[in-house]
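Where a number appears in this text, it was derived from the coordinates with a stated rule and is not lab data. Computed from a predicted structure; not experimentally measured. For neighbour counting, all protein chains shown are included, and Cβ atoms are generated from backbone atoms with ideal geometry for every residue, glycine included.
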Amino acid sequence: MTHTVEGQGRRRRRGGDRAELSMVPDAEFTSYYGHQIVKPSPWEADIPAYLFAGGLAAGSSLLAAGADLTGRPGLRRAGRLGAISALTFSMAALVHDLGRPERFVNMLRVAKVTSPMSVGTWILSTYGPFAAAAAAAELVDLVPGARRIGLLRLVSSLGRPAGVIAGVTAPPVAAYTAVLLADTSTPSWHAAYRELPFVFVGSAAAASGGLGMLTAPTREVGPARNLAIGGAVLETIMERRMERSMGITAEPLHAGKAGALMRAAKSLTIAGATGSLLAGRSRTVAALSGAALLAGSVCTRFGVFEAGQASARDPKYTVVPQRERLEKGEPVRYRG
Amino acid sequence: MTGRNSLFGPVDPAVEAGYQDPPPRKGFFTDTSICIGCKACEVACKEWNEVPDDGFNFLGMSYDNTGSLNADTWRHVAFIEQRKPVDGDGAGSRTPVDLGMPARHSRNGHEVQLPDSGTDDDKPDFRWLMSSDVCKHCTHAACLDVCPTGSLFRTEFGTVVVQEDICNGCGYCVPACPYGVIERRKGDKATKKNVGIAQKCTLCYDRLDAGQRPACAQACPTESIQFGDLGELRERANQRVAKLHEAGIMDARLYGNDPDDGVGGTGAFFLLLDEPEVYGFPPDPVVTTRDLPRMYKGAGTAAAALLAGAVLSFLGRRP
């Protein structure tokens, strides 16, 4: 046996990437040969793609409902059809991500408030049919003369009530996905739980506003532009606050793939919001700004997702915050 | 049933889950100070539970080629080589010497004479830590809390078990676990069972039903793995720590035995000879659902903000 003997597992300087022996007690942590402690989620691109598409669907339903009630048929159509497309994609991504896709329906066995995924399933099950009914009405109205046929007339007339209910039930779809990520032991997701819902609804508003600017007639895009700018501002401010409150677990948001995605998200979102503000009556600038906001939202979701995965793979982000609590004499304990 | 301590704090998990007059809570006390690293527990577990191989990997570190608990490893023996005296007096590293062989505990004196140790001290400066890790069967089990299908459930013994015919492989339990225990099984559906489904230790639920000890505890030759009623195990563990402290092994400490800790205490707890993270344990784990009410509140506020923002977007002058 001629292996080199190394001290307690592996000691590593905090912030450094190379394994090294160090005797500075508060600048190092110990692990079992550098192995991860918590496991990263087994989720792949389906889940961040769903985070984006779910938010896009929710924001689009809100825009469609508002457009319907304020007499903007073009924006209504863009919103309803955008919502159903994004929702269909979401459902496909969610089923595809399962280890046993054929058992998707088991999600409906129970309603469990301690499981954000169960809560999310029921949120989607409430919202989905109304979003679908509103989209069906929109499609019927696209066919000339279809409204004269009995059943189709019914579908068409249900468009407004269904669309309004879809709008009212949409915001939880955009917000719960933050809880879905945060309610884990993944360090960079859990530590973000206070601000992440606001980052995600901001991102949803920016994306759906962007889609509206891209697809609705120019004279009707005002509300979409307002929502997009408001969303971009909320996302940018809350993302900054989030990073400041996360301590060491904010690091993965700046490193590697996640870091590149978060930087791209910020640039695209700010550029898209600025473009939206300056677009005026220019269809081209509005469309480009809308596309930038959509791309920014995609990058935000993938960036947050990847940062969490990276934080789970590195024992540093599990050990250091917990060790710091212990060394301050503040372990997490139940106190009456 | 929901009570004050449903998400956090000391509670009897079987009663909390709704069982009337459940049997005493069962658990493991793994005393790592007498683990000899034989891996009989790993083998017995695989045999009894038909757990497939985990790849026959060579990890190139210590004697551990299993690495960690995962879908295909429900007992995992960790091997830690340390430049520390066997009695762990905390002196830390001294002049490193390649001993070529692991040091051994002597039964009484805690001093081992090693050939050519090269130090002027007669205490050995090298020790092995070995520890058999397993699912903790937490009082507040995050995996169970977040499971959206009800596949993960609490047994009458207070343990946490996956119903493999219900699990749809959503994978939520995997990042939820603060210890990194549960995992979705990967591989070829034709040659492995339960591929795509969350897998972990069941505390041999089938054996418990028949009044038997779990396979790992049955196979352990040194009784490092002790199975029994949790209350009794906790008492026994306290006595053992006191005895080790008396013998001068001040590094001995319990991990997971405190019902007030971040997961409400674990059904499987440990006697360790170093900090938890040395063995690959989180030093101060907390069940993520402790913060869930605050998370929902934040999401509710955010959702309201989105609705309000959408309404505001339609106000104002029309062009």
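Can you tell me the order of A:250-258, A:37-45 when each peptide is scored by its average per-residue count of other Cβ atoms within 10 angstrom, highest first?
Result, highest mean Cβ count within 10 Å first: A:37-45, A:250-258.
Just the projected area, averaged over all directions, of the convex hull on the alpha carbon atoms of the protein assembly as shown: how many nm²?
Over all viewing directions, the protein assembly as shown projects a mean Cα-hull area of 32.2 nm².
Return the long-range amide H neighbours of B:E183 (sequence gap of 5 or more, or a different chain), with a cut-off of under 5 Å between placed amide H atoms.
Sorted by chain and number, the residues that satisfy this are B:A71, B:Q199.
What order, most packed first, do the peptides A:324-335, A:155-166 have when packing is the mean number of other Cβ atoms within 10 Å of each residue?
Averaged packing, sorted descending, gives the order A:155-166, A:324-335.
Apply the Karplus curve 6.51 cos²θ - 1.76 cosθ + 1.60, θ = phi - 60°, to the phi angles in the stretch A:219-224 and return the couplings in whole Hz, x for Gly and Pro.
5, 10, 7, x, x, 4
Determine the gain in length on full extension of the stretch B:E235-B:R294; use 0.36 nm per residue of separation and subtract their C-alpha separation, reporting nm with one decimal.
Between B:E235 and B:R294, full extension yields 17.7 nm more.
Just to verify a number: FRET efficiency for B:K193 and B:N65, C-beta to C-beta distance, R0 = 25 Å, to 0.05?
Step by step, r from the Cβ atoms, then E = 0.60.
Counting Lys and Arg as +1 and Asp and Glu as -1, what is the net charge of the other residues whose Cβ lies under 14 Å from the Cβ of A:G336?
Summing Lys and Arg as +1 and Asp and Glu as -1 gives +2.
Amide H to amide H under 5 Å from B:Q226: which residues, 5+ apart in sequence or cross-chain, H placed 1.01 Å off N in plane?
B:F29, B:T30, B:D31
Shielding by partners for B:67-74, please: the mean number of other protein chain Cβ atoms within 10 Å of each residue's Cβ.
Partner Cβ neighbours, averaged per residue: 2.
Quick check on chain A: helices-only [θ] at 222 nm, where DSSP H runs of length 4 and up contribute -39,500 (n - 2.57) each and the sum goes over total residues. Nearest 500, please.
Calculated from helices alone, the mean residue ellipticity at 222 nm is -23000 deg cm²/dmol.
What dipole magnitude, in Debye to the nearest 20, does chain B give about its Cα centre under +1 on Lys/Arg Cβ and -1 on Asp/Glu Cβ?
Dipole about the Cα centre, nearest 20: 1420 debye.
For chain B, set up a GNM with springs between Cα atoms under 10 Å and report which of B:G231, B:G67, B:G211 has the largest fluctuation.
For chain B, modelled as a Gaussian network with Cα springs under 10 Å, the answer is B:G211.
Any idea which of A:G296, A:G247, A:P129 is furthest toward the positive side of the dipole for the stretch A:46-314, if Lys and Arg beta-carbons carry +1 and Asp and Glu beta-carbons -1?
Sorting the options by dipole projection puts first A:P129.
Of the trypsin sites (Lys or Arg not before Pro) in the stretch B:286-319, which ones lie in a loop per DSSP and count no more than 14 other C-beta atoms within 10 Å?
B:R317
Quick check for me: using +1 on Lys/Arg Cβ and -1 on Asp/Glu Cβ, what's the dipole size of the stretch A:46-314 about its Cα centre, in debye to the nearest 20?
700 debye
Amide H of B:D133: which non-local residues (sequence gap of 5 or more, or other chain) have their own amide H closer than 5 Å, using H built in the peptide plane?
B:H76, B:V77, B:A78
How many Cβ atoms of partner chains, on average, are near each residue of B:161-170 if near means within 10 Å of its Cβ?
5
Just going by the charge dipole of the stretch A:46-314, with Lys and Arg at +1 and Asp and Glu at -1 on Cβ, which of A:G55, A:P116, A:G167 is farthest out on the positive end?
A:G167
Would you mind calculating the relative contact order of chain B from Cα pairs under 8 angstrom and at least 6 residues apart, reporting the percent as a whole number?
So the answer I get is 25 percent.
When Cβ neighbours within 10 Å are restricted to other protein chains, what is their mean count per residue of peptide A:38-48?
5
Give me the dipole magnitude in Debye, nearest 20, for the protein assembly as shown about the Cα centre, with unit charges on the beta carbon: positive for Lys and Arg, negative for Asp and Glu.
Computed about the Cα centre, the dipole is about 3620 debye.
Positive end of the charge dipole of the protein assembly as shown (Lys, Arg +1 and Asp, Glu -1 on Cβ, about the Cα centre): tell me which of B:L254, B:Q218, A:L142 has its Cα farthest that way.
Farthest towards the positive pole: A:L142.
Using helices alone, what [θ] at 222 nm do you get for chain B, with -39,500 (n - 2.57) per DSSP H run of 4 or more residues, divided over all residues and rounded to the nearest 500?
That calculation yields -6500 deg cm²/dmol at 222 nm.
Quick one: which of B:220-226, A:169-175, A:230-236, A:106-112 comes out on top by average Cβ neighbours within 10 Å, and what's the full order, highest first?
A:169-175, A:230-236, B:220-226, A:106-112
Who wins for biggest fluctuation among A:A131, A:A67, A:A279 in a Gaussian network model of chain A, springs between alpha carbons below 10 Å?
Its mean-square fluctuation being the largest, the pick is A:A279.
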